[in-house]
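Below: one structure, written as structure tokens.
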Amino acid sequence: MRGDLVRKLLARCLSVGLAVLAFVVVALTGATGWGLALAVAALAAAAAEQRIRPGADLVAETALIAAAVLVGYTRRLDDGFDPALAATALVLLGLVLLVGPLRTAGNLEVRAANLPVRAWTPLIADRLGVALLGLLAAVALAAALTLPAAVALVVSLLVGAGAGAVALDLARRRFRPTGGGGPVARALRRHQPEFLLYFSAPPGSEYQVTMWLPYLERIGRPFLVLVREPEFLAPIAAATDAPVVYCPTLRAIDEALVPSLRVAFYVNHGAKNSHCVRFTQLTHIQLHHGDSDKAPSANPVSGIFDRIFVAGPAAIDRYARAGVRIPADKFVVVGRPQVESIDVRREPARGLASPTVLYTPTWTGHHADADYCSLPVAEELLRRLLERGATVILRAHPYTAQNPASARQLGRLTELLAADRARSGRQHVFGAAARELSLTDCVNRSDALVSDVSGVISDYLYSGKPYAVTDMGDEGDRFTHRFPLAGSGYVLRRDMSNVDAALTALLDTDPLAEERWATRRRYLGDFPAESYAEAFLTAARRELAPAENLATSAPV
């Protein structure tokens, strides 16, 4: 998170600073060429800021850059007052003032992917900022080449006409809405979805949805994915053929929730979930995006849902252990379908000479009580693994880069593994290569796991292979009481004082092999391996069945 803030501040300072410098150089010195070059550099910085801060207000920068370019243009022409250049200035001023409001208005419109609709206006409105930066770059180039001002005017009018058309269409949509909703609502009515997956989360969280998409598709009923942040529209649409709809407002949600819908699934406890839970005609089901002993996995907010699909009985006990009272009939044990492709190894891991060890450090969390990240102490751990001849797969949490300290620590670990690979020839996997592998691939390639308190351990538990858990709170005997899943693993102390003993148990003696199988049943349910995912699919289809069907099929 802090790294994100630093990047945003740097981008802001660079774009504003270059814009001011360009204007000062053009207006107060005779170095017109240098001023125009600085204006182009400021445009590049502003474009970079738009990528880092998609909702950034660039009115000040673009106004200064436009002024610098126009003053430089006037000096290059050296013809006194030029009506074409004056008209260009008016068009540019209008665009500088209108681009932000038009983009905001466009972002209030429903957008969709994987639906046969043509709703170009919101997309064009979202690109007007880029178009304005491109226009200013074209005018700066015209000034540098001393082209007639009429050239700049024509280009400006073309962009201005496009912005005007967008403004008129957005005004029509707002003040004269069509009956029965817009084109997206009409397309959804034709699609007749029976359930939806509702999603709101910070950037980079689309994995929470993509892990569930294959199983939602296997339910065999039409559905849609409803997202509340625009950056998720494209990546999620690329992962499914189902319609993906971006709903920026409550009114947009009203429009997207067509009468055929009966069930809404959720994969996290995002604050915006309440915007959909308010629709009482739907059955609201929490799926979660992993099963772990972390504090968020027993969030009291779960109580707002009609059903809570959990992997195993241990998840129900977790809520009770945290003092969260939820009626028993809300819980449905469905297993963790994502583990069905994990290879199961039933024999204990003993005497592994050249093991492959998967290391999956988690992130630092939003709050201190959810910081289970072992990266600060991981260098010693990896050195001991390398001394034992292990090949390491280092797969960090997607949010790791948001914390500068974590990013630096991860960088040191990758350097350590890269150096050992060059020296020993062992094919360690890290960085981009690790991100290209799915978690299932990593589990199947490994002989053992070292992880922090996270959902990765539950998934790994399905394999039957041994795992070690880091006690980053230095809780000692209390650790396995707070995090029972660690009781079937080998606990690594924060100071790594027991690293040799823990790794010997993990890779050589494996005394907890039998206990893991009992834990596996508690955490992941007792379902046959050949039809493991059917538990989830059956439960989901039951919720989708019309009430009259359930009544007729109920035992008498």
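Tabulated data for the structure shown
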item	result
Restricting region 406-421 to residues that are small (Gly, Ala, Ser), surrounded by fewer than 20 Cβ atoms within 10 Å (Cβ to Cβ) and touching a residue at least 12 places away in the same chain (Cβ under 8 Å), the residue that is nearest to residue 470 (Cα to Cα)	407
Qualifying residue in region 517-528 (condition: of a type in the set (Gly, Ala, Ser) and part of a strand (DSSP E or B))	no
Matching entry among 509, 538, 504 (being within 30 Å of residue 196 (Cβ to Cβ) and surrounded by fewer than 19 Cβ atoms within 10 Å (Cβ to Cβ))	538
Selection status of residue 136, over 29 Å from residue 225 (Cβ atoms), surrounded by 17 or more Cβ atoms within 10 Å (Cβ to Cβ), of a type outside the set (Lys, Arg) and modelled with pLDDT of 90 or more	yes
Which numbered condition residue 146 fails, given (1) at pLDDT 90 or above; (2) within 30 Å of residue 83 (Cβ to Cβ); (3) touching a helix residue (DSSP H, G or I) at 6+ places or on another chain (Cβ under 9 Å); (4) loosely packed, with under 15 Cβ neighbours inside 10 Å	(1)
Count of residues meeting criterion [crowded, with 18+ Cβ neighbours inside 10 Å, without any contact (Cβ under 8 Å) to a residue 60 or more places away in the chain and not hydroxyl-bearing (Ser, Thr, Tyr)] in region 80-123	5
Only listed residue being in a helix (DSSP H, G or I) and at pLDDT 90 or above, chosen from 170, 123, 128, 141	141
Set 56, 42, 68: member being under 24 Å from residue 18 (Cβ atoms), assigned to a loop (DSSP other than H, G, I, E, B) and open to solvent by less than 30 Å² (accessible area, probe 1.4 Å)	56
Any hit, region 184-200, residues being open to solvent by 50 Å² or more (accessible area, probe 1.4 Å), of a type in the set (Phe, Trp, Tyr), at pLDDT 90 or above and under 30 Å from residue 285 (Cβ atoms)	no
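Matching residues to (1) part of a helix (DSSP H, G or I); (2) surrounded by fewer than 17 Cβ atoms within 10 Å (Cβ to Cβ):
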residue	(1), (2)
279	no, yes
288	no, no
293	no, no
297	yes, no
301	yes, yes
324	no, yes
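Residue by residue, here is whether (1) open to solvent by 40 Å² or more (accessible area, probe 1.4 Å); (2) acidic (Asp, Glu); (3) free of Cβ contacts under 8 Å to residues at least 40 places away in the same chain holds:
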residue: 400; (1), (2), (3): no, no, yes
residue: 423; (1), (2), (3): yes, no, yes
residue: 428; (1), (2), (3): no, no, yes
residue: 442; (1), (2), (3): no, no, no
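The values are calculated or read from the model by the stated rules, or taken from the named source; none is laboratory data. All values derive from a computational prediction rather than experimental measurement. A quick note on method: Cβ atoms are made from the backbone with ideal geometry, for glycine too, and the neighbour counts reach across all protein chains shown. Remember, those area values only see protein heavy atoms, side chains included, never the ligands or the DNA or RNA. Shrake-Rupley method; radii C 1.70, N 1.55, O 1.52, S 1.80 Å.
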